[in-house]
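Worksheet: one structure, shown below.
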Amino acid sequence: MVLKRKHNLSSQDDRNPASDVLIRWLIRRDMDEVLAIERGSFEFPWTEEEFLCCLRQRNCIGTVAELDHKIVGFMIYELHQSMLRILNFAVSPDQRRDGVGRQMVQRLIDKLSQQRRREIVLEVRETNLAAQMFFGSCNFRALSVLRNHYDDTLEDAYYMRYSLKDSAEAYKPSNRLRDYGADAA
Ligand SMILES: CC(C)(COP(=O)(O)OP(=O)(O)OC[C@H]1O[C@@H](n2cnc3c(N)ncnc32)[C@H](O)[C@@H]1OP(=O)(O)O)[C@@H](O)C(=O)NCCC(=O)NCCS
């Protein structure tokens, strides 16, 4: 079952509100905290070498979310000509359901533009229901199933996409009477 946490802090909840989160570039000094979040989040975590190898690529970017001088989330993504691709992304288990992930994704969405990069794509494991729900709530849509996508398990992946085009269409006002042909008379 997926449990929901409340955003307002109770007396037992000593987390800081996620509204105070700072999103900035990942730097080498952050790696220990990033690795701790990675290991607490995935059954098959990336090693430090895998992070560094990825971040050495010219089109690869790392960001972190910092709260009260503590790293509470990270994201690794690639820049492509017409899109951004999320490669790795996690929020610290003790800071989840407080809007940190949404703010990190929103920061990425804010980088899109009609002229250049218009979409964000990623793959989610079929068993990772929380991430599917999360990206769904951020207006990503599953486009296809990638069969046997992983080396470590037999799992399939959902290929998900956020597109400026979809989001513009989602909010396009429509005349429902006209759709039913009511104005034909
Ligand atoms: C996926 C993940 C990054 C989400 O981060 P988060 O900071 O907890 O997400 P947010 O608090 O911003 O959630 C925003 C919305 O997403 C949805 N959501 C997030 N986690 C959810 C869950 N476990 N179950 C159902 N819906 C969820 C909710 O609609 C939520 O809004 P609400 O809390 O007001 O209901 C986090 O769960 C995580 O690190 N998971 C492990 C690593 C992982 O799976 N990464 C993605 C790999 S593709």
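The values are calculated or read from the model by the stated rules, or taken from the named source; none is laboratory data. Note that this is a predicted model, so its numbers are computed, not measured. Counting neighbours? That spans all protein chains shown, and the Cβs are built from the backbone with ideal geometry, glycine included.
Can you find a residue that is hydroxyl-bearing (Ser, Thr, Tyr) and part of a loop (DSSP other than H, G, I, E, B) anywhere in segment 75-85?
yes
Based on what the data block shows, is residue 123 surrounded by 10 or more Cβ atoms within 10 Å (Cβ to Cβ), within 14 Å of the ligand (Cβ to nearest atom), of a type in the set (Asp, Glu) and at pLDDT 95 or above?
yes
Out of everything in segment 86-117 that is more than 11 Å from the ligand (Cβ to nearest atom), farther than 14 Å from residue 19 by Cα and not polar (S, T, N, Q), what residue ends up being surrounded by the most Cβ atoms within 10 Å (Cβ to Cβ)?
The selected residue is 108.
Checking the condition at pLDDT below 95 and acidic (Asp, Glu), which residue from 183, 110, 98 passes?
The match here is 183.
Considering only residues that are of a type in the set (S, T, N, Q), over 27 Å from residue 153 (Cβ atoms) and within 14 Å of the ligand (Cβ to nearest atom), which ones fall in segment 33-81?
63, the sole residue that qualifies.
Give me the pairs, please: first residue somewhere in segment 138-152 and exposed (fewer than 10 other Cβ atoms within 10 Å of the Cβ), second residue anywhere and part of a loop (DSSP other than H, G, I, E, B) and among the aromatic types (Phe, Trp, Tyr), beta-carbon distance under 7 Å, and either six or more positions apart or on two chains.
Going by the 7 Å Cβ cut-off, the qualifying pairs are 152/44.
Is there any pair linking a residue in segment 27-39 that is under 11 Å from residue 64 (Cα atoms) to one that is outside any helix (DSSP H, G or I) and away from the ligand (no atom under 14 Å from the Cβ), with Cβ under 7 Å and at least six apart or on different chains, and which?
Hits for this filter: 34/26.
Tally time: how many residues in segment 14-71 are charged (D, E, K, R) and over 27 Å from residue 149 (Cα atoms)?
Of the residues in segment 14-71, 12 are charged (D, E, K, R) and over 27 Å from residue 149 (Cα atoms).
Please enumerate the residues belonging to segment 109-130 that are over 23 Å from residue 152 (Cα atoms) and out of contact with any Phe, Trp or Tyr (no Cβ under 7 Å at 6 or more places or on another chain).
110, 111, 112, 113, 114, 115, 116, 117, 118
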